[in-house]
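Asks: Let me give you the structure first, and then I'll get to my questions.
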Amino acid sequence: MLHRFFITIMGVCSLALGAQEVKFGEINLEDLNATEYINDTEANAVILYKKVNSYFITNGGNSRLVTEVHERIKIFNKDGFEHATKEISLYKNRSSEETVSKLKALTFNLIDGKAVETELDKENIFKTEASYYYNKVNFTMPNVQEGSILDITYRLNSPFIWNIDSFVFQYEIPVKQLVAEIRTPKGFNFKKTPKGEFFVYPKVSTATDHRIGMDVVKTAYHLNNVPALKEEKYVDNIDNYRSGVLFELVSVDLPGYFRSYSQSWADVAKTIGNTDDYKNELDKTRAFDDELDAVLSGLPSKKDKMDGIFKYVKDQLTWNEMDGKYFFNGLKKTWKEKKGNAADINLSLVAMLRYAGLNANPVLISTKDNRVPYFPTVDGLNYVIAYVKLDGTDYFLDATHEFSDVNILPIRDYNWRGILINNPDKVWRIVDLKQPKKAVKMFVLDAIVHDDGTTDGTVKARLSNHFAMNFREEFKNLDEEEYVADLEVKYGNIEISEHSVQKLKDFKGGVTEEFKFYDEEGAEMMNGKLFLKPLEFLTMEENPFKTEKRQYPVDFGFPFKNSFMVNYTLPEGYTVESVPEGLRMKIPGDLGTFTYMVKVTASKLNILVNYEINQSIVYPENYDFLKEFYKQIITKEAEPLVLSKITNGNSQSTTGGR
Amino acid sequence: MRFFLYFLICPLFVVAQSQIYPVSKIPDSLLNDADIVVREDFMDVEVFALDKMKITVHRVVTILNEDGDSYGTLSVGYDNDLKIRSVSAKILNEQGEEIDQIKKNDFKDFSAVDGMSLYTDNRVLAYQYLIQDYPVTIVFDYEIDTKDTGVIPSWVFMPGYNASVEQSRYTVKYPNNKLRPTIVERNLGSFILKKRETEGSFAYQAQGLKAMKYESLSPSFAKTAPQLMVHMPNFNYKSVPGSIYTWKDVGLWMNGLLEGQDELSPETISTAKQLVTNAKDTLEKAKLIHAYVQENTRYISVQVGIGGLQPISAIEVDRVKYGDCKGLTNYTMALLKAVGVNSYYVVVQAGRDKVDFYDDFADLGQGNHVILTIPYNGKYYWIDCTSQVHPFGFIGDFTDDRQVLVVKPEGGELMKTEAYLNEDNLQLTNAEVKLFKDGSMDAQLNIKTTGIQYDRRFFIENETKENIERFYKNYWGSIGSLRVEKFAFQNQKDSVLFQETLQVSALDYAAKTNDQIIFAPNVFNNSGYVPKRYRHRKLPFEVQRGYLDEDNYLISYPEGYNVENLPQPVHIQSNFGEYQMTYEATQGGLRLKRKFLLKQGYYPPEEYENYRKFRRQVAKTDNTKIIITTDQ
C-alpha cells in the first residue's frame, strides 16, 4: 500500500536560512529575557540551537566516528524543567563501546539584568552500566530556574563506524535553529533517507579532511523553526512522523575497489539473501528432519502440509519477543531449546516448508514499532516472516504468535510491504503483503422487555479474523469470573449468567461468546411510556475521536465491520408508539458505511445496525468525515424507541417510523 | 514436633532434588485461584557479628500460567557492602525433571535503576527465564554475605495475590543476646504456622496457604498478608553502627545523618533573612521560605551515600538548585533555621495507599519519602518540599492521614499527618444550562474544589489549551460533541481552593424523538460508577478517602417546550454516605440539586453487596432522564 500521507507532505519541504555561528557559552541576553517562544507560545521549553557534527577520524589504524553535539535549550516554566535532565545512551558489545568526552554544560540565569552562569560539576555526571548492550550517561543541569538557558556540548566517540545515528530534526519541544552536518570519506556512499514532515535538501560539498588525509563529502542540513512533535491517539508509530534523516552505507567506491551494498529493494534483498543465514544455514535440515517426517506422514496435500507445519512450529517453538531478520540461535539451537527470535522461528518455518517440498521463502518486513522504510534499506528491516506460493495463491505465515493463522498475521506485521528473498529461484523483489481481511463482530441480542423497565435475554457474539485474534489474546490469561464482572460494568451494570466462550484456544476460525443477561435499567420509564435504546447496552456512547483536528493518520490496525441485530419482545399491553427512521450513510471514498433499520411487528421490534470501516488507515484529510461518521452513529443510537400502553379499546397505531 | 526434627537433620541449605517437585504433588486446594504455587520458600539468616551476616535463600516456584511469568525473573540485588556468594537456578518440567540449569555466569549484571533516579549505587544480578510450557518449576538458590545488619530481611509468607504456598520457612541464628533480633508478627492469625524460639535462634514455618484473589477496593496486599517484621536493635549500616529499640532511637540515629548537613553560606543566610524582613510572624516567615524553595529548586533523585538515607548537604542543594526529597527537605529546614523557624524532618511511606509506621516496631526499613513539618501555635503544618506547586501546608493524597516518623532533636516521634476527611474534599458545581430544540446545549459553569478534590484538579491550571480541552472532553466523555468554549482558573493557594469557570457547548446533548426531547438533567456529574459484582466477596474493602459533591443546575428548556412530569426527589441515607437529588420546576426550566457524600471507611466483605447497591442506586438516579415536549 502506498503511504500517501508521506508523499503529500514531502511537498511541504521548506525552511531555508542564513547560517549563523553559535559558540558555546556565548548566549544572547535577548534569549535570556524571553518569556515565551513566539512560534509556539505554549511551549514549556525550546531548543534555541542544536548542532550535530559527525565525522571520521583515524588514529593508529583505528577508525572512529565522532559526533560533536551542541545544544542550547531555553526553559520557560517549571513544566519545562524535565528538559534540563539528559540521558545519553552508549552502545557497546563484547570488545568495543561508545564513549562520551568533553562534556561541558552551563546554566545561564538572568540576575539583575545580567547573565550569570553555573557550571555542571564533573561529579554530578553519572555513568552507569545499564545493561549488557549499553551504558548510560546521566546528568541534570544545576541551578535551573524559569527562564534559564542551558548550554550543553559533548563529543560522542563511536567505534561502530558504519552505524551512523540518524539525524533527528524534531523533538517534543520546538526547535528554533538546527544544523546537522556529516563528513563522510569520499567513495563511501551513504544513502540519506528523509522522513517526517520537515525536511530540507542538504548542502553537499567536498573538501579535504587532514585528520584522515582523505577527501570528504560534507552534507549539511539547516533548518529553522521546526515545531514540536505532537502526540496523538491511534497513531501506528509516532517516530514515522518525526522529522529527520537516516543514513545507510550503500556502496564503497574507491580506486581499484567497488562494492555495492543496497541501492534498490532488489539490492537490499540480494544483500540479505547473500548472508550466511539465508544462503547456507536455511537448508541445514538435519536438526529436525526425523521429527518432521513423522508430522508430515499423515498429510497428503501440500496445503495440508503447510497448515500442519505451521501448527507444528507454533506448538513447538516459543518466541522470545525479540525482532530479528537474522538468526539469534540458528536452526539447530532453536530446535534444541525450542525458542528464539522472529528469525529463528520463521526461518525454521521456511526451512521446514521447503523440506516438505513447498515453494517457501522468507519475506523481510519492518514491523509497526520499527517505522516504515520508505526507501531501500537493510537496517530498516527488522523482522522476517514466511511466504508460500501454492497453486497461484499467496500465503503469508508468522509463527511467533499463539493465535496467528495463515494470512492472519500479528498486527505488528502489517506496516508496509515485504521484501522477498527467493534464493532458489534467484528472485529478490518487493511483494505486497496482503492487507488484513475485514474483521467482523456480530452481535445478536434477544431481549424481553418487562413493563417495569427491566429487560432480560441472551446475547450471542461472533468474532472473526483479527477481532477473534485480539479476543483470544486478551482472554487467555483472564479469570473468567473477573472478566464477566468487568463485562457487567462495561455494559452498564447488567447481570450476566451462563457466560460461555467457544473456540478460545484455537487459532483457526472465529470465536463465539454467549451469555444471558438481566438489565435492571433496560428501558427508561417516563410519563407512563417505555423508552428503549436501539442496541440496549451495546450502544456506543462515546465518540473515540474528540479532537477538532488531526495531524497524523488514524491507524485502526485492520478494516472491520460491527453488526448488531437486536430483537425486542414487547411487554403485554404495550404497543410501539414511535421508532426512529432508518438511515444509510457512507463516508466518501468508500471509507465506511453505516446502516440502521427498524422493523416493527405486533409484539416485536427488530433493529439492525451495521457499521464498517473499509481501510485500516485513515488519512488526516478524511479525519473530519471519520469524526462525523462516529458522531452520526452515536446520535442515531441515542434516539429512543417509544412504547406506550394500549388504552382501553383504542390501541394506538404505529406511527412515526418505518 | 516433626518440623523441628526435620530442621535438625537437614542442613540450612537444602540441596534441591529435582524429582521431588512434580506438579502432581501439589494439593488441589492450592491450585484454586493460583497463578503460581510456592513449593518451598526458605530463608535462613545467620548473624555472626555486628557487621557480618549470611543469608541463604532457597525458593521453588511452580508457575502455572502466563500471569505468573514475573516469577520467571530471578534477581538478587547487591552493592558495595553486600556480596553475592553464590547464585544458581534449575528449571524443571511438569514431572519435576530438570530441563535447564542456570549458573552464576548466566545472570546479567544491571544497575538497579528505578526509572526515577538519575543515579543509584545499587546493582542487581538478574536472569529472565523465558517460559515455553506451563506448568514449569523454577528452583532458585542464592547466598549472600553482607555487612549491613541494619536491614535484616523481613519475611512475608505469601508473595502476593493469586499465589499459594506449600512450605514457607524463616530462620535466624544469632551469636549472643546483644545481636538478638526483634521479631513482630502480623496477620499470622488464621494461617497454619509453627514457631520455635531457642537461645540463639528463631524459626517459623507455614504450610498450605491458599491463594487469595484480588478484589476491587480491597486493601493493599501488604496490609493483610501474613508476615514477620524483623529488626536488629544493635546493627551496622553502611559502616555506621547503631542501636535502635524505639522510634526515639531511630530519630536519634537519623539525627546523626543530618548533623552538619544544614550549613549554608553567609550569602544565602542573608538572602533568607532579607526575604522575611517584613514577615509578621513565624508562619508568614515559613510561607515565604517555602515559596522561595518552590520557586528556586526542583526535584531530582540521586541515590548515593549511606544507603540513600543521608540527604545531600544544604550547601550543595543551594548551589545546584535541585535535590531529592531528603536534600530538598534538609535544605528547606536549613533556610527556616536561618530565619529562626523551627521545623522537623519527617520520614513517611508515601503513595495514594495510606500506610502507617508501626507503633510497636521501630526500624530503618519503613518509609520511602521525606517531608517536613513546622510546628506553630499547637498545630503542625506539613510540607512536601519536592512539589513546586502544592500550597503551603497542603500535602494532598500522597502523604495524608498516616502515621509518620518526625525526627526531633530529642529523638524520633510517631505522629499522624493531616487528614482530609469526607466533607473536606468538596466539589461544588453551579451551572446554568440552556437546552436547544436541536438537542444541543450551552452551559456556563463554575466548579470549586477543596481538599483531595483540589489535589486532583489544580494541575490543569498549568496545562496547554489543547490539554485542557482534552481533559474536559474526556472528563465529560459521554456528552456528545462537547466543546470547551472558554475556561478560566483561579487557584487560591492560601485557602486551598481551586475554581474553574467554564463555558461549554455540546451539539448532541439530548436525544430527540418527534416532538420530544429526552435528556439527563444531571449534566455534569454523571459518572455512573458502580463497583463490580462479586458472587462471593472474600476480602474486606475500603473507601480510602471520602468526599462531598454538591451540584446546582438551572436548566432552561427551548421555547415552547414543557415537562409533563418531573421525577420524584430521591434521598438515600446509608452507612456509606448520603445522597440527595431534587428537581424543582422553574419558569421555562428546572432546577436540579444534587448532594452526594461518600464516607471514608473500612468494611467487612459482607457489606460489599450493600455498598454496591448504594452506589447502584446513586448511579441510577444520577442518570435519570426527563422528557420535554412542545405543545404545538
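Asks: Can you list, bin by bin at 10 Å, the percent of alpha carbon pairs in the range A:4-259, starting at 0?
Replies: Histogram of Cα-Cα distances, whole percents per bin: 6, 26, 34, 25, 8, 1, 0.
Asks: Next question, about the same structure. Need one number: nm distance between label points at B:Asn575 and A:Asn280, each 7 Å from Cα along Cα→Cβ, rounded to one decimal.
Replies: Roughly 7.7 nm, to one decimal.
Asks: Okay, moving on. Between A:Glu119 and B:Ser216, what's the calculated FRET efficiency when r is the beta-carbon distance and R0 is 51 Å? Round to 0.05.
Replies: 0.45
Asks: If you take every DSSP beta bridge whose two residues both sit in the protein assembly as shown, what share of them, in percent to the nearest 5, is antiparallel?
Replies: Taking every DSSP beta bridge with both residues in the protein assembly as shown, the antiparallel ones total about 90 percent.
Asks: When the expected Rg is taken as 2.2 N^0.38 Å, what fraction or multiple of it is the alpha-carbon Rg of the range B:422-630?
Replies: Scaled against compact globular proteins, the figure is 1.09.
Asks: A further question on this structure: Can you give the extra length, in nm with one decimal, that the chain gains between B:Lys52 and B:Ser201 once fully stretched, where that is 0.36 nm per residue apart less the Cα-Cα distance?
Replies: 52.0 nm
Asks: Sticking with this one: Quick check: from the Cα gyration tensor, does the range A:367-435 come out rounded (a/c under 1.5), prolate or oblate?
Replies: Oblate, since a/c reaches 1.5 and b/c is not below a/b.
Asks: Find, among the chymotrypsin sites (Phe, Trp or Tyr not before Pro) in the range B:208-314, those assigned to loop by DSSP (not H, G, I, E, B) with at most 14 other beta-carbon atoms within 10 angstrom.
Replies: B:Tyr214, B:Tyr245
Asks: Then there's this: How many nm is it between the label spots at A:Glu480 and B:Gln95, if each spot is 7 Å from the Cα in line with the beta carbon?
Replies: The modelled label-to-label distance comes out at 3.1 nm.
Asks: Shifting gears a bit: Which angle from 0 to 90°, rounded to the nearest 10, does the C-alpha axis of helix A:623-638 make with the longest principal axis of chain A?
Replies: 20 degrees
Asks: Would you pull out the residues with amide H under 5 Å of B:Arg298's amide H, same chain only if 5 or more places away, H placed 1.01 Å from N?
Replies: Excluding prolines and chain starts, which carry no amide H, the hits are B:Tyr322, B:Gly323.
Asks: Pop out the ³J(HN,Hα) list for the range A:247-257 in order, Karplus 6.51 cos²θ - 1.76 cosθ + 1.60 with θ = phi - 60°, rounded to Hz; leave Gly and Pro as x.
Replies: Running phi through 6.51 cos²θ - 1.76 cosθ + 1.60 with θ = phi - 60° gives 10, 8, 5, 10, 7, 10, 10, 10, x, x, 8 Hz.
Asks: Continuing with the same structure: For all pairs of alpha-carbon atoms in the range A:439-645, what percent lies in each bin of width 5 Å, listed from the first bin to the last filled one?
Replies: 1, 7, 14, 17, 18, 16, 13, 9, 4, 1, 0
Asks: If you keep only loop residues by DSSP, which trypsin sites (Lys or Arg not before Pro) in the range A:115-193 have at most 16 other Cβ atoms within 10 Å of their Cβ?
Replies: A:Lys186
Asks: Find the relative contact order for chain A and round it to a whole percent, using C-alpha pairs within less than 8 Å whose residues are 6+ positions apart.
Replies: 9 percent
Asks: Using a Förster distance of 51 Å, how high is the FRET efficiency between A:Asp425 and A:Ile238, based on the Cβ-Cβ distance and rounded to 0.05?
Replies: Computed FRET efficiency for A:Asp425 and A:Ile238: 0.85.
Asks: Where nothing but the Cβ of Lys and Arg (+1) and of Asp and Glu (-1) is charged, how large is the charge dipole of the range A:439-645 around its Cα centre, in debye to the nearest 20?
Replies: The dipole of the range A:439-645 has a size of about 1020 debye.
Asks: Run through the range A:33-136 and list the GluC sites (Glu not before Pro) located in a DSSP loop whose Cβ has at most 16 other Cβ atoms within 10 Å.
Replies: Answer by residue number: A:Glu36, A:Glu42.
Asks: Explain nothing, just compute: Karplus ³J(HN,Hα) = 6.51 cos²θ - 1.76 cosθ + 1.60, θ = phi - 60°, for every residue of the range A:322-338 in order, whole Hz, x for Gly and Pro.
Replies: 9, 5, x, 9, 10, 4, 9, 9, x, 4, 5, 5, 4, 5, 6, 8, 6
Asks: Where nothing but the Cβ of Lys and Arg (+1) and of Asp and Glu (-1) is charged, how large is the charge dipole of the range A:149-288 around its Cα centre, in debye to the nearest 20?
Replies: 320 debye
Asks: Another one. Rounded, prolate or oblate: which fits chain B, taking a ≥ b ≥ c as square roots of the Cα gyration tensor eigenvalues, rounded meaning a/c under 1.5, else prolate when a/b beats b/c?
Replies: oblate
Asks: Could you work out, for chain A, what percent of all Cα-Cα pairs fall into each 20 Å distance bin, beginning at 0 Å and stopping at the bin that holds the largest distance?
Replies: Over chain A, the share of Cα pairs per 20 Å bin runs 15, 38, 33, 13, 2, 0 percent.
Asks: Per residue Cα convex hull volume for the protein assembly as shown, in cubic angstrom?
Replies: For the protein assembly as shown, the hull spanned by Cα atoms encloses 216 Å³ per residue.
Asks: Provide the per-residue ³J(HN,Hα) series for the range A:483-493, in order, calculated from phi with Karplus coefficients 6.51, -1.76, 1.60 and θ = phi - 60°, each as a whole number of Hz, with x at glycine and proline positions.
Replies: Using θ = phi - 60°, the values come out as 4, 5, 4, 5, 5, 4, 5, 4, 8, x, 6 Hz.
Asks: On to the next question. Taking the simple approach of a point 7 Å from Cα along Cα-to-Cβ for both B:Ser270 and A:Thr41, what is their distance in nm?
Replies: 4.1 nm
Asks: Right, something else. Measuring from a point 7 Å past the Cα of B:Asn430 along Cα-to-C-beta, which residues in the range B:590-610 have an amide N at less than 16 Å?
Replies: Answer for this model: B:591-594.
Asks: For a 27 Å ceiling on Cα separation, which of these pairs sit above it: A:Lys74/B:Lys321; A:Lys50/A:Lys270; A:Lys86/A:Lys176; A:Lys284/A:Lys311?
Replies: Violating the 27 Å limit, Cα to Cα: A:Lys50/A:Lys270.
Asks: Which far-off residues, 5 or more places away or on another chain, put their amide H under 5 Å from the one on A:Phe24, with H placed in the peptide plane?
Replies: none
Asks: Filter A:Lys233/A:Lys368; A:Lys441/B:Lys620; A:Lys529/B:Lys625; A:Lys441/A:Lys508; A:Lys533/A:Lys604; A:Lys303/A:Lys389 down to the pairs with a C-alpha to C-alpha distance above 18 Å, please.
Replies: Pairs exceeding 18 Å: A:Lys441/B:Lys620.
Asks: Report the one residue of A:Leu397, B:Pro409, B:Asn491 whose Cα lies farthest in the direction of the positive end of the charge dipole of the protein assembly as shown (charges on C-beta: Lys and Arg +1, Asp and Glu -1; origin at the Cα centre).
Replies: Comparing the listed Cα positions along the dipole, A:Leu397 ranks first.
Asks: Amide H to amide H, which residues 5 or more places from A:Asn320 or on other chains are under 5 Å from it, using H placed in the peptide plane?
Replies: So A:Asn320 has HN proximity to A:Gly340, A:Asn341.
Asks: What is the helix-to-structure angle for A:465-475, meaning the angle in degrees between its Cα long axis and the longest Cα principal axis of chain A, kept from 0 to 90 and rounded to the nearest 10?
Replies: Value to nearest ten degrees: 90.
Asks: Pop the C-beta distance of A:Phe160 and B:Asp145 into the FRET formula with R0 = 41 Å and round what comes out to the nearest 0.05.
Replies: 0.55
None of the figures in this text is laboratory data; all of them are computed from the coordinates on show. Everything numeric in this text was worked out from a predicted model, so none of it was measured. Glycine also receives a Cβ, built like all others from the backbone with ideal geometry; neighbour counts cover every protein chain displayed.
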